[in-house]
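The values are calculated or read from the model by the stated rules, or taken from the named source; none is laboratory data. All values derive from a computational prediction rather than experimental measurement. No Cβ is skipped: glycine too gets one built from the backbone with ideal geometry, and neighbour counts run over all protein chains shown.
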Amino acid sequence: MIFAFFLSDSFPQMKQAEMAIQKWIVIVAIFTLILGIISLLKANIRKISEKAQGWGFNLVLIISFIVTFVCGFLGGFSAKWKPFSNLIFQAILAPAAATMVSLLAFFIASAAFRSFRIRSMGSAVLFLSAVVVMLGNVPMGDSISHGVIPRLRTWILEVPSSGAQTAIIIGAAAGYIISALKLIFGIEKPHLGGES
């Protein structure tokens, strides 16, 4: 897909191959989702039947999964189920996500306090970038700099930060491919209970 992005004008066959690969990705993702659902149900039902420690949480997970799945699935076909799926999203999922984000904000603030002790040139650049990005997100940053800080914030997020994110994504994809190949060729067998 990366080659097709850059070379599709020169090689039209690349575009056709990319479209075929995208269709296969959807098919594989669907089967992966089904496999994940089966694995989730199997592991949690086993813990419930054995009455393992914390089995009540497993029971709540199974019930929540089934109710959410049924309401979401039927809500896609019938208008009378739509209010139930909306209720699950607005009354449970959205507040839970907001709670997680607010907890994450406190963890980030404490980590920033520990890491922003300026001891080197790298930490000074990190601190200055963080201040510029934070000021660029609020109206005060625009008013005190006459538009300079928001433009600088945009540049930081689009150039160095985007490049770093691309490198991280490429590294993660390479690691994922290597791990998948190790599993496919039997070099590692943790899913079978073997040693890595």
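Structure above, values below:
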read-out: Yes/no for S179 being surrounded by 11 or more Cβ atoms within 10 Å (Cβ to Cβ), within 29 Å of V125 (Cα to Cα), at pLDDT below 90 and out of contact with any strand residue (DSSP E or B) (no Cβ under 7 Å at 6 or more places or on another chain); value: no
read-out: Verdict on F113 being over 30 Å from R153 (Cβ atoms), of a type outside the set (S, T, Y) and at pLDDT below 85; value: no
read-out: Checklist (1) among the β-branched types (V, I, T); (2) at pLDDT 90 or above; (3) surrounded by fewer than 10 Cβ atoms within 10 Å (Cβ to Cβ) applied to I184, failing item; value: (2)
read-out: Residues of the range 10-38 that turn out to be farther than 17 Å from A180 by Cα, of a type in the set (G, A, S) and modelled with pLDDT of 80 or more, as a count; value: 1
read-out: Tally of residues being of a type in the set (S, T, N, Q) and in a loop (DSSP other than H, G, I, E, B) across the range 74-98; value: 1
read-out: Test: residue in the range 157-174 that is more than 30 Å from T68 (Cβ to Cβ), touching a Gly at 6+ places or on another chain (Cβ under 9 Å) and either surrounded by fewer than 10 Cβ atoms within 10 Å (Cβ to Cβ) or of a type outside the set (F, W, Y) (or both); value: yes
read-out: Cross-chain or 6+ apart pairs with Cβ under 8 Å, the range 79-94 first and under 13 Å from S64 (Cβ atoms), then not aliphatic (A, V, I, L, M); value: I88/T68; I88/C71; I88/G72
read-out: Among the candidates L87, L93, residue that is more than 25 Å from M134 (Cβ to Cβ), at pLDDT 85 or above, within 18 Å of the chain's Cα centre (by Cα) and surrounded by 10 or more Cβ atoms within 10 Å (Cβ to Cβ); value: L93
read-out: Of residues in the range 99-154 being among the basic types (K, R) and either in a helix (DSSP H, G or I) or in contact (Cβ under 8 Å) with a residue 40 or more places away in the chain (or both), the one surrounded by the most Cβ atoms within 10 Å (Cβ to Cβ); value: R153
read-out: Number of positions in the range 44-75 that are more than 22 Å from A96 (Cβ to Cβ) and of a type in the set (G, A, S); value: 2
